[in-house]
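The values are calculated or read from the model by the stated rules, or taken from the named source; none is laboratory data. Quick caveat: nothing in here was measured; it's all calculated off a predicted structure. Reconstructed Cβ throughout: ideal geometry from the backbone, glycine too, with neighbour counts over all protein chains shown. Side chains included, ligands, DNA and RNA excluded: accessible areas come from the protein's heavy atoms. Shrake-Rupley method; radii C 1.70, N 1.55, O 1.52, S 1.80 Å.
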Amino acid sequence: MTEALYLEASDRREFEATVERVAGDRVVLDRTCFYPTGGGQPHDTGALVAGGDRWSVVEVEKKDTIYHTLDGEPPATGTAVAGELDWERRHAHMRYHTAQHLLSALLLEEYGAETTGNQLYADRSRIDCAHDRFGEADLADVEARLNELVDAALPVDWYVMDREAAEAELDPERTRLDLLPASITEVRIVEIGDYDRTACAGTHVASTEEIGEVTVTGRETKGANEERLTFTLEGT
Ligand SMILES: [Zn+2]
């Protein structure tokens, strides 16, 4: 199983690894900083380098382990490689992902609206929640409140917790631990100041001030009691 360096050191953008397996145009490494698509967050891109050779990492997927799809004939099993992330893309994902946590917490806290889905990109994000309908004033309030939370520079921390302890201690509406397969015995908790605590395996910034100014760009109805909100972040 590949060691997922991005879980601990989400701010790391370079690493060294060894090719453990080649499968067509994909490689499995012993360790990686490349985030695989999951939880509404797209995969990282970047490069693997060995000697004078360089491959672009065009897709990263997690199945039984993490697979990196390369743009050419992959290096052989046993090759030592250096990995480099496209940091601009990853950092944007971290900012959008952390903003999504704040927004999910805010929607639950202030509207009783539980998040039902989310998808983020490097330049925009959307979130679906169980709510009848947001008005213009609601959108302005959500935006203002989000920016207060950003300006408060709340620390973002993550750690691994035993599932049983997490189930006993954490708010089930936020953590949704019941959705995880029974085989998962440890959960990764992401905490934003004392405002939010949820189970998540994505990558996040270390302080909410890194998110930058939030603009709520719109809303649409996705069905009965289901609203979608869209937002963008400064400089993306
Ligand atoms: Zn997250």
| field | Spin-label model distance (nm) - Ala152 vs Leu179, 7 Å beyond Cα toward Cβ | value | 2.4
| task | Subtracting the Cα-Cα distance from 0.36 nm times the residue separation, let me have the gained length for Thr217 to Glu114 in nm, one decimal. | result | 35.1 nm
| log₁₀ of I(q)/I(0) at q = 0.17 Å⁻¹ - the chain, Debye sum with one point per alpha carbon | -1.22
| query | Given that compact globular proteins tend to follow 2.2 N^0.38 Å, what is the ratio of the alpha-carbon Rg of segment 26-84 to that value? | reply | 1.06
| note | Normalised per residue, the volume inside the convex hull of the alpha-carbon atoms of segment 90-146 in Å³ amounts to 76
| task | Let me have the relative contact order for the chain, percent, based on Cα pairs under 8 Å that are six or more residues apart. | result | 19
| query | Listed highest first by mean packing, meaning other Cβ atoms within 10 Å per residue, what order do 18-30, 176-188 come in? | reply | 18-30, 176-188
| Distribution of pairwise C-alpha distances over segment 165-210, 5 Å bins, in % | 5, 19, 31, 24, 12, 7, 2, 0
| task | Might you tell me the accessible area per residue for the chain, computed with a 1.4 Å probe and given in Å²? | result | 47
| Local electrostatic count at Val28 - Lys and Arg +1, Asp and Glu -1, tallied over other residues with Cβ under 14 Å | -2
| Average silhouette area of segment 51-137, convex hull of alpha-carbon atoms, in square nanometres | 8.6
| task | Figure the gain on full extension for Val160 and Glu8 (residue separation times 0.36 nm, minus the Cα-Cα span) and round it to one decimal in nm. | result | 53.8 nm
| field | Helix axis angle, 87-111 relative to the chain longest principal axis, alpha carbon, degrees | value | 30
| remark: Percent antiparallel among DSSP beta bridges confined to the chain, nearest 5, equals 95
| said: Placing one identical point scatterer on every Cα of segment 1-47 and ignoring solvent, what is log10 I(q)/I(0) from the Debye formula at q = 0.24, 0.26, 0.31, 0.32 Å⁻¹? | reply: -1.00, -1.13, -1.33, -1.34
| said: If I take every Cα pair under 8 Å that is 6 or more residues apart in segment 38-77, average their sequence separation and divide by the length, what percent do I get for the relative contact order? | reply: 29
| field | Positive-end extreme of charge dipole, segment 184-234 - chosen from Val216, Ala201, Ile184 (charges on Cβ) | value | Ile184
| message | Quick check on the chain: helices-only [θ] at 222 nm, where DSSP H runs of length 4 and up contribute -39,500 (n - 2.57) each and the sum goes over total residues. Nearest 500, please. | response | -7000 deg cm²/dmol
| query | With charges set only on the Cβ (+1 for Lys and Arg, -1 for Asp and Glu), what does the dipole of the chain come to about its Cα centre, in debye to the nearest 20? | reply | 700
| field | For segment 121-174, radius of gyration divided by Kirkwood radius, i.e. Rg to Rh on alpha-carbons | value | 1.07
